[in-house]
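The values are calculated or read from the model by the stated rules, or taken from the named source; none is laboratory data. Because the structure is a prediction, the values reported are computed rather than measured. Cβ placement follows ideal geometry from the backbone for every residue including glycine, while neighbour counts extend to all protein chains displayed.
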Amino acid sequence: MKLSSPRIHPLAEHEWSAEQRELLAPVKANEPFYNVLATLSRHFSAVERFLTWGYHVMGDTSTISGRAREILILRVGWLCDAEYEWGQHVIFARKEGLTEDEIARIKLGPDADGWTTFEATLLRAADELHHDSCISDATWKTLSDEYSDQQMMDVVFTVGQYHTVSMALNSFGVQLDDGVSGF
């Protein structure tokens, strides 16, 4: 972890306003209530909008597969040195069928042995967006041979969303949730 303690502490349930309770109680009832959401809830007007976008990237309205999404997110988490992001999304990646070997290879990047051409290109797209804020023509061509315009947009949206999330996690000092391993 970049920081050993939070700079912004997670909002405890007893601190929730009526408005926060209305939005957050159903989330807490249906899925784990992660430190990231509890921390972001300190800026409630922002978290309301963040959740809408986040649910697109992580949910059923995204046009890319869960496997592709998790490859992209894990690569971003690794590139941003976001241990919280990495730890959480290793769990999600396993649920999407990524093996332990594949998860480990994400750290090595697109040139590691064992990736399909398409998966290596997904990793390369994440690298290019991270370093250059733009997917190169060659990478775009390879991805767009299989992906529609909407899928290409969702690749960029996913990398961008999790780049922002990684910066927030690192800067706010969001600590690992219980039972989640980091790097």
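Residues are listed down the side, and each one gets a yes or a no for (1) over 26 Å from TYR34 (Cα atoms); (2) at pLDDT 95 or above; (3) assigned by TED's automatic domain parsing to the domain that holds SER41:
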| site | (1), (2), (3) |
| --- | --- |
| ASP81 | no, yes, no |
| VAL90 | no, yes, no |
| GLU102 | no, yes, no |
| ASP127 | yes, yes, no |
| TRP140 | yes, yes, no |
| PHE157 | no, yes, no |
| HIS163 | no, yes, no |
| ASP178 | no, no, no |
| SER181 | no, no, no |
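Residue check, LYS141 against (1) surrounded by fewer than 14 Cβ atoms within 10 Å (Cβ to Cβ); (2) part of a loop (DSSP other than H, G, I, E, B); (3) of a type in the set (D, E, K, R), all met but one. Which one?
With (1) surrounded by fewer than 14 Cβ atoms within 10 Å (Cβ to Cβ); (2) part of a loop (DSSP other than H, G, I, E, B); (3) of a type in the set (D, E, K, R) applied to LYS141, the lone miss is (2).
Let me confirm something: among ARG75, ARG94, ARG69, which residue is assigned to a helix (DSSP H, G or I) and over 18 Å from SER166 (Cβ atoms)?
Among ARG75, ARG94, ARG69, only ARG94 is assigned to a helix (DSSP H, G or I) and over 18 Å from SER166 (Cβ atoms).
Among the residues of segment 144-173, what is the count of those that are surrounded by 18 or more Cβ atoms within 10 Å (Cβ to Cβ) and either among the charged types (D, E, K, R) or free of Cβ contacts under 8 Å to residues at least 12 places away in the same chain (or both)?
1
Where residues in segment 17-49 are free of Cβ contacts under 8 Å to residues at least 24 places away in the same chain and outside any helix (DSSP H, G or I), which of them is surrounded by the most Cβ atoms within 10 Å (Cβ to Cβ)?
My answer is PHE33.
If I go through segment 109-138 residue by residue, how many of them are assigned to a helix (DSSP H, G or I) and among the small types (Gly, Ala, Ser)?
Of the residues in that region, 4 qualify.
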